[in-house]
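The values are calculated or read from the model by the stated rules, or taken from the named source; none is laboratory data. Owing to the predicted nature of the structure, the values given are computational and were not obtained by experimental measurement. Glycine gets a Cβ as well: all are built from the backbone with ideal geometry, and neighbour counts include every protein chain shown.
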Amino acid sequence: MQILHALSFLLDYPTAGVIEANRDLQKIISESALPGEDKNALSDFLMQRCSGDLMEWQAEYDSLFERGRALSLLLFEHVHGESRDRGQAMVNLLKQYREAGLEIGVRELPDYIPLYLEFLATQGDENAELGLQEVAHILALLAARLEQRDSNYASIFRALLAMSGVSIDLEDVREQIINEQRDDTKEALDKVWEEEMVTFGPDATADGCASAVNKPSEGQRKDQLVPISWADFKDVGQGDVQRGNES
């Protein structure tokens, strides 16, 4: 599914390669089965980003997705936080990737959204839709939070939500987060730094993720349905809001 490859590319760390591929990406968007509103929003996103300064784009990307947890591109961050359950969930997801014939680099975290989209893009349209349905509530939450910050990255998550076929009232999600305290301010980041203990050794978890998505090879199986083990996402948004309000 080309549109999933394209959206994965656009959600990964911005490089000159995105600007060079601008015309091809616009073509994929225009030929996709997305609703016209989502096509126009994605086309505008690409036009605006590729006509601006790359270093400014990269700096904005870092400030959005690398500071705080509210906009983390790691799926399990929104489900398990820093609990031990997150580590086991990633092991399980990695196992499921491998059972589908996919191998990822040692520096990749399996719940990194661009990587997850690359995986779904190799599994056929029906399986890709099912995979998006399993994370639809996280996609809606990220879309609403990005809208709140006036970021056009929200268009990517709205498009993914449309592709999932799941009917989620975004207005309801917006209401849930309206009083949510931001976790990317200097004060919030300082508080996290003070509260979190630094661990070393084999049990230490890596911060962040690699900036390049590993592309599955053409020889990897595309016809196997691999159900992903997720938590029940019905309460994910509300749980995040409650955590934000507690700080």
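Which residue is surrounded by the fewest Cβ atoms within 10 Å (Cβ to Cβ), if the candidates are limited to the range 26-48 and must be assigned to a helix (DSSP H, G or I) and small (Gly, Ala, Ser)?
Initially, the range 26-48 is screened for residues assigned to a helix (DSSP H, G or I), giving 26-31, 36-48.
With small (Gly, Ala, Ser) added as a condition, the list becomes 30, 36, 41, 43.
Numbers: Ser30: 12, Gly36: 7, Ala41: 19, Ser43: 15.
The qualifying residue surrounded by the fewest Cβ atoms within 10 Å (Cβ to Cβ) is Gly36.
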Give Glu108, Glu129 a once-over and let me know the one that is modelled with pLDDT of 90 or more and of a type in the set (D, E, K, R). Glu129
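Among the candidates Ala144, Ala140, Ala154, Ala136, which residue alone is of a type in the set (Gly, Ala, Ser), under 15 Å from Leu4 (Cβ atoms) and crowded, with 17+ Cβ neighbours inside 10 Å?
On the way: Ala144 fails: under 15 Å from Leu4 (Cβ atoms); Ala140 fails: under 15 Å from Leu4 (Cβ atoms); Ala154 fails: under 15 Å from Leu4 (Cβ atoms).
Testing whether each residue is of a type in the set (Gly, Ala, Ser), under 15 Å from Leu4 (Cβ atoms) and crowded, with 17+ Cβ neighbours inside 10 Å leaves just Ala136.
For every residue, the table says whether it meets (1) closer than 13 Å to Leu11 by Cβ; (2) assigned to a helix (DSSP H, G or I).
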residue: Tyr61; (1), (2): yes, yes
residue: Arg67; (1), (2): no, no
residue: Arg86; (1), (2): no, yes
residue: Arg98; (1), (2): no, yes
residue: Gly101; (1), (2): no, no
residue: Glu108; (1), (2): no, no
residue: Asn127; (1), (2): no, yes
If a residue must be without any contact (Cβ under 8 Å) to a residue 60 or more places away in the chain and either charged (D, E, K, R) or touching a Pro at 6+ places or on another chain (Cβ under 9 Å) (or both), how many such residues does the range 131-164 contain? 2
